[in-house]
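Any read-out appearing in this document is the output of simple, stated calculations on the displayed coordinates, not a laboratory observation. Everything numeric here is computed off the predicted structure, so don't read it as measured data. Neighbour counts are summed over all protein chains in view; Cβ atoms, including those assigned to glycine, are modelled from backbone coordinates with ideal geometry.
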Amino acid sequence: SRPILQVRDLNMHFPVKKGLRQLGTVRAVDGLSFDLYEGETLALVGESGCGKSTTGRAVLRLIDATDGSIQFQGEEVREMSRSRLFQLRREMQIVFQDAYSFLNPRLTIGESILEAMEVHGLHTKQQRADKLSELLDIVGLNDSYAGRYPHEISGGQRQRIGIARALSLHPKVIVADEPVSALDVSVQSQVLNLFQDLKDKFGLSYLFISHDLSVVRHVADRVAVMYLGKIVETGTADELFDNPQHPYTQALLSAVPQPEVAVARERIILRGEVPSPMNPPSGCAFHTRCPIATQRCQEQVPALAPSAAGTLVACHHVEGGNPT
Ligand code: SF4
Ligand code: MG
């Protein structure tokens, strides 16, 4: 399979000013590179503020990157014309944490989905009506939902509607930004299963953004762990969950219950909070919280390099990792 989306050296740097004085630069995304392959789910994982949502929005050009490259099927997203961008936003859809944020509260669910297809000039009126009914069925709802308003249905049902609306435009890529984080755990797995079924059925690729590793474990083929705008470790879901190498990944995973593991991992408690992405720590930005940091970590930025476990890891003190 080949990459449908290639991101290289993506930066999202925002100057922070007070009056005329520049206080610093927020490095929301800092030198990020990854590939999303056709038909896979790549999870971007990290705590709030690590830049994962910003990345998702930059990929769709809902916000403009400072520099770097974003290629969708080999075409530079950052150089697309307005009309091309309009098409792109059919081919790449975003599903948010709560469908409230994009469903028009004054339109019925049916009207919202029909409108999306109409704006993009898809099908005849009759075909759109048929499609609506088909889509509701596909996401596990029925025709009776078409006449309801967003506030009349549950959070889980709204997410299904958000997915139906995205699907109505025949996307190739879906950016799912914390799509189940607002849902009860019991509903979460139903919606995650729906994501899985649809991926195969429609040949979709997912950029799946989540802070929740137990959710990610459920859906991801590959995982990229982010900390302060950078990827600190990336690999297949199996490599990463079975044998995490980066101290940050190890700490995140130690907090996730793993029913299939006989001996539970010891919980690693990190000191302090995630530092501000404005003027982040020098060297390895994780050094202020890392249990094994050394002097070198404060001075040198570790690059992503292959670890003995198969993942790529950015750490000076991982076996097989960063060469000096
Ligand atoms: Fe910790 Fe140093 Fe590795 Fe960063 S480079 S994760 S501070 S050991
Ligand atoms: Mg977010």
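Quick notes
- Among S53, S33, S205: highest mean-square fluctuation, GNM of the chain, C-alpha pairs under 10 Å: S33
- Each residue of the stretch 306-312 was assigned a 3J(HN,Hα) from its phi angle through the Karplus curve 6.51 cos²θ - 1.76 cosθ + 1.60 (θ = phi - 60°); the sequence is x, 9, 4, 7, x, 7, 9 Hz, with glycine and proline shown as x.
- Charged neighbours of I153, selected by a Cβ distance under 13 Å, balance to +1 (K, R count +1; D, E count -1).
- Rg to Rh, two decimals, where the stretch 265-324 supplies the alpha carbon set and Rh follows Kirkwood: 0.99
- Relative contact order (%) - criterion: Cα under 8 Å, at least six apart; region: the chain: 19
- Under a model in which nothing but the beta-carbon of Lys, Arg (+1) and Asp, Glu (-1) is charged, the chain shows a dipole of about 1000 debye around its Cα centre.
- Percent of beta bridges antiparallel (DSSP, the chain, rounded to nearest 5): 65
- Electrostatic tally near L10: other residues with Cβ closer than 10 Å to its Cβ, Lys and Arg +1, Asp and Glu -1, net -1.
- Each part reduced to its alpha carbon centroid, the stretch 272-319 and the stretch 177-215 end up 30 Å apart.
- Paramagnetic reach from Y149 in the stretch 109-125 [backbone N under 15 Å; point 7 Å along Cα→Cβ]: 109-112
- Karplus-derived 3J(HN,Hα), 6.51/-1.76/1.60, for each residue of the stretch 66-79, Hz, glycine and proline x: 6, 7, x, 10, 10, 10, 9, 6, x, 10, 6, 5, 6, 10
- Rounded to the nearest 500, the 222 nm mean residue ellipticity of the chain from helices alone is -9000 deg cm²/dmol, with -39,500 (n - 2.57) taken per DSSP H run of at least 4 residues.
- Shape of the stretch 41-172, Cα gyration tensor, a/c cut at 1.5: oblate
- Cβ-defined net charge surrounding K52, 13 Å radius [Lys, Arg +1; Asp, Glu -1]: -3
- Size estimate for the stretch 165-246 follows the Kirkwood approach: the inverse of mean 1/r over distinct Cα pairs works out to 13.8 Å.
- Per-residue Cβ neighbour rank within 10 angstrom, fewest leading, K18, K52: K18, K52
- For the chain: lysine pairs under 28 Å (alpha-carbon distance), excluding those fewer than 8 apart on one chain: 18
- Enclosed volume per residue, in Å³, of the convex hull spanned by Cα atoms of the chain: 159
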